[in-house]
1. With just the Cα atoms defining each centre, how far is segment 69-99 from segment 114-189? Give it in Å.
2. With Kirkwood radius over Cα pairs in Å defined as stated, name the option among (1) 19.1; (2) 17.5; (3) 18.5 computed from the structure displayed.
3. Looking at the chain as a GNM with Cα springs under 10 Å, which of Glu14, Glu125, Glu50 has the largest mean-square fluctuation?
4. Output wanted: per-residue J couplings in Hz (rounded whole) for segment 140-157, from phi through Karplus 6.51 cos²θ - 1.76 cosθ + 1.60, θ = phi - 60°, x for Gly and Pro.
5. Could you tell me what percent of the accessible area of segment 12-138 is made up of carbon and sulfur, with a 1.4 Å probe and every protein chain present?
6. Percent antiparallel among DSSP beta bridges with both residues in the chain, to the nearest 5?
7. Which of Gly67, Gly18, Gly180 ends up with the largest GNM mean-square fluctuation for the chain, with Cα atoms connected below 10 Å?
8. Run the dipole for the chain about the Cα centre, Lys and Arg Cβ at +1, Asp and Glu Cβ at -1, nothing else charged, and hand back the magnitude in debye, nearest 20.
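The values are calculated or read from the model by the stated rules, or taken from the named source; none is laboratory data. Quick caveat, the model's predicted, so the values are computed rather than measured. Don't worry about glycine lacking a Cβ; one is built from the backbone with ideal geometry, like all the others, and counts go over all protein chains shown. Surface areas here come from the heavy atoms of the whole protein model, side chains and all, with no ligands, DNA or RNA. Shrake-Rupley method; radii C 1.70, N 1.55, O 1.52, S 1.80 Å.
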Amino acid sequence: MIHPKTELKFISNEIGYGVVATEFIPAGSITWVLDKLDREFSSVEFQSMEDIYQNILDTYSFRNNQGNLVLCWDNGRYVNHSFNSNCLTTAYDFEIAIRDIHPGEQLTDDYGYLNIPTPFRGIDEGTRRKIVYPNDLIKYYKIWDKKLLKVFNRIPHLHQPLQELLTEEMWNEIVAVSKGHQEMKSILNNYYNDESRTEERKPSKEKNTAV
């Protein structure tokens, strides 16, 4: 479930639609949580589907660390890619804002941690990275972990509209990590090791919409 203080909005002809903040969302806010309405499909289920359904999943789903495709039921599936994203996923089935997000600003993810099957070229944002590769999570997890750690301790101290979707056990673990009593699980835990993927494959055409 996506943060309630957001809405779907047309961004541009190049980008299409995206998810934007309707109110100020401070760094450390939980911006998305995997919930009971999100659908999960195995690779066998995917391969048995007609093309029309496979195309939808190719466009709007992401792969978890089991290699299953996860399709968000709400606007979460429209969160766009950015090489300088303001949200990061965690190893706890939720995402957080790693910096303040202002009204009208897009919520963005780095698709490098979503286990994409093939490389693609993102819209040029002036960053050194231009292409998203299937193994980016292995390359950049230490950088992403550091970004998460900078704001993770803020989670228990902010109003979290999505907190009710977390179990009590999960919330207690978040509190323990924020107090330094427990180490934060690395984002690397989200990696799906699929030997059939390779970063040497030719990148697909430019893309900046939700997977």
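1. So the separation of the two Cα centres works out to 9 Å.
2. Given (1) 19.1; (2) 17.5; (3) 18.5, the calculated one carries the label (2).
3. In this elastic network of the chain, the residue with the biggest mean-square fluctuation among Glu14, Glu125, Glu50 is Glu50.
4. Ordered by residue, 3J(HN,Hα) equals 10, 4, 5, 5, 5, 4, 5, 5, 5, 4, 5, 10, 4, 6, 7, 3, x, 9 Hz.
5. Of all accessible area on segment 12-138, carbon and sulfur atoms account for 49 percent.
6. 85
7. Of the options given, Gly180 has the highest mean-square fluctuation.
8. 780
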